[in-house]
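A short worksheet on the structure shown next.
The values are calculated or read from the model by the stated rules, or taken from the named source; none is laboratory data. Treat the numbers as computed from the prediction; the structure is a model and nothing was measured. Virtual Cβ from ideal backbone geometry, glycine too; neighbours counted across all protein chains shown. These accessible areas exclude ligands, DNA and RNA; they are computed on the full protein's heavy atoms, side chains included. Shrake-Rupley method; radii C 1.70, N 1.55, O 1.52, S 1.80 Å.
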Amino acid sequence: MSKSIYLDYAATTPVDARVLDVMLPYFGKSFGNPSSVHGYGRIAEAAVDSARETVASVLNCEPDEIIFTSCGSESDNLALRGVLHARHGPDRPRLITSHLEHHAVSKTAAQLQKENDVRLTWLPVDEYGMITTGAMQEAAREGAELASIMLANNEIGTINPIKELVGICHEKGILFHTDAVQAAAYLEVDVQKLGVDLLSLGAHKFYGPKGVGALYVRKGTHLLPHITGGGQEFGLRAGTQNVPYIVGFSEAFRLVKEERLQRTSHVMLLRDRLIGAILENIPGSMLTGHPRERLPNHASFVFKDVDGNFLLQLLDSAGFACSSGSACKTGNPEPSEVITSLGISRDWALGSLRITLGKDSTPGHIDAFLQELPSLVSKARSLK
């Protein structure tokens, strides 16, 4: 794999060397349990407290509004299950969401409907995969306990108008959760500006380690924990904290804020060149997601009469690591729910391709990719 060009940064990112450096001491010398009262424990506790303060400063919130978890998916689950299980009353609780959410939200929502009798409203999306204010206004009329809409889509890159959607929900007394796992690497995630009540993050999307995430919970938002035991994380997430990973999360997130403008301008230039060249040079190609309101590192397409999974195999053999959408969908012969929600027909939807860039992507990578892709798409069509 040493000669491979990595173009799948939306799936995961390599751990930044600077992040690894701050993590290493907590695997060795500073190995204590942060719940212990002795010196080893106090050192670990101080590291967690410092990390919490750093994450809070980036999100523009208070440290005690940050709950560390194992990943973005757990953060999503804690938000949805925590709010809806905490709701007591004579009526069934209601959740508003969409089919374009990450499965950590959409499958959790479906299970809550089936197992916990939660009323579920699926919002429609426009042709770009965006939740419109009109759709939210219509759904919010009946009221709800919670709405969960992602800040930016992991598969097609579309950015939702979260601030406006939050305003509509708050007028009806509806709490608002956003999955910002994919967005946080490039978009500002100031929770005061967004106005959200809950926000999910995962470190491995912005050069931190896999296996650690966070959930912002605005003060006054009542949650029931879904992992019980000790009193860690303010009683909302029991279990000994993963100190080195939490430290790595905070350092990676700090670097995101410090280097956001530089990283964004770098990937946006490469992304725009990639999109323009593919649409111009490959017949039967279509951009998916919003043409402007999209993540700066994200380019996603469908190709007519192409098997997307076969195209991925051809690309991999040629030395390019890409995705057909969500990493969880690799190998699935059916078109993704996200793509079909856009109204794209099956003969196009099966040929999806996601190319996502990172801080280590270069113009040379794009040159090499654009040189090979047209012939590989043609080959995939001829061998379908």
By residue number, the members of segment 110-161 that are aliphatic (A, V, I, L, M) and under 23 Å from Leu287 (Cα atoms) are Leu123, Val125, Met130, Ile131, Ile149, Met150, Leu151, Ala152, Ile156, Ile159
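Being in contact (Cβ under 8 Å) with a residue 60 or more places away in the chain and over 22 Å from the mean Cα position of the chain (by Cα), is that true of even one residue in segment 134-141?
no
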Pairing a residue in segment 171-186 that is surrounded by 24 or more Cβ atoms within 10 Å (Cβ to Cβ) with any residue that is among the aromatic types (Phe, Trp, Tyr), where Cβ atoms lie under 9 Å and the two sit 6 or more apart in sequence or on different chains, gives Ala180/Tyr216; Ala184/Phe206; Ala184/Phe253; Ala185/Tyr9; Ala185/Phe206; Ala185/Tyr207
Residue hits (segment 9-25; in contact with a Gly (Cβ under 9 Å, 6 or more places away or on another chain) and open to solvent by less than 60 Å² (accessible area, probe 1.4 Å)) are Tyr9, Ala10, Thr13, Asp16, Val19, Val22, Met23
The condition of being surrounded by fewer than 19 Cβ atoms within 10 Å (Cβ to Cβ), touching a Ser or Thr at 6+ places or on another chain (Cβ under 8 Å) and not hydrophobic (A, V, I, L, M, F, W, C) holds, among Asn281, Asn309, only for Asn309
Given the conditions (1) open to solvent by 10 Å² or more (accessible area, probe 1.4 Å); (2) more than 15 Å from Glu164 (Cβ to Cβ); (3) assigned to a loop (DSSP other than H, G, I, E, B), every one holds for Met130 apart from (2)
Across segment 261-278, the tally of residues that are surrounded by 19 or more Cβ atoms within 10 Å (Cβ to Cβ) and charged (D, E, K, R) stands at 2
Next item on the list: Tell me, please, whether a residue that is surrounded by 14 or more Cβ atoms within 10 Å (Cβ to Cβ), at pLDDT 95 or above and either closer than 15 Å to Leu376 by Cβ or touching a Leu at 6+ places or on another chain (Cβ under 9 Å) (or both) can be found in segment 328-337.
Entry: no
Those residues of segment 222-257 that are open to solvent by 30 Å² or more (accessible area, probe 1.4 Å), more than 18 Å from Gln182 (Cα to Cα) and among the charged types (D, E, K, R) come to a total of 1
Would you check if Thr288 is surrounded by 21 or more Cβ atoms within 10 Å (Cβ to Cβ) and touching a Cys at 6+ places or on another chain (Cβ under 9 Å)?
no
Check whether at least one residue in segment 3-25 is over 21 Å from His222 (Cα atoms), at pLDDT below 95 and either charged (D, E, K, R) or not in a helix (DSSP H, G or I) (or both), and report yes or no. yes
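Of these, Lys210, Lys163, which one is surrounded by fewer than 24 Cβ atoms within 10 Å (Cβ to Cβ), in contact (Cβ under 8 Å) with a residue 24 or more places away in the chain and under 16 Å from the mean Cα position of the chain (by Cα)?
Working: Lys163 fails: under 16 Å from the mean Cα position of the chain (by Cα).
Matching residue, one of Lys210, Lys163: Lys210.
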Those residues of segment 70-81 that are surrounded by fewer than 24 Cβ atoms within 10 Å (Cβ to Cβ) and among the small types (Gly, Ala, Ser) come to a total of 2
A careful count of residues in segment 43-69 that are open to solvent by 10 Å² or more (accessible area, probe 1.4 Å), within 17 Å of Ala184 (Cα to Cα) and of a type in the set (Gly, Ala, Ser) gives 1
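May I ask you to list the residues in segment 286-326 that are of a type in the set (D, E, K, R) and part of a helix (DSSP H, G or I)?
Passing the criteria: only Asp316.
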Only unsatisfied item for Tyr40, checking (1) surrounded by fewer than 16 Cβ atoms within 10 Å (Cβ to Cβ); (2) modelled with pLDDT under 95, is (2)
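Within segment 268-295, which residues are among the aliphatic types (A, V, I, L, M) and in contact with a Gly (Cβ under 7 Å, 6 or more places away or on another chain)? Working first, answer last.
Here is the first cut: in segment 268-295, the residues among the aliphatic types (A, V, I, L, M) are 268-270, 274-275, 277-279, 282, 286-287, 295.
Within segment 268-295, Leu295 is the sole residue that qualifies.
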Would you confirm whether any residue within segment 149-159 is under 21 Å from Lys193 (Cα atoms), surrounded by fewer than 17 Cβ atoms within 10 Å (Cβ to Cβ) and of a type in the set (Gly, Ala, Ser)?
no
Scanning segment 89-116 for residues that are open to solvent by 80 Å² or more (accessible area, probe 1.4 Å) and of a type in the set (Asp, Glu), the one modelled with the highest pLDDT turns out to be Glu115
Residue hits (segment 26-45; assigned to a loop (DSSP other than H, G, I, E, B) and among the basic types (Lys, Arg)) are Lys29
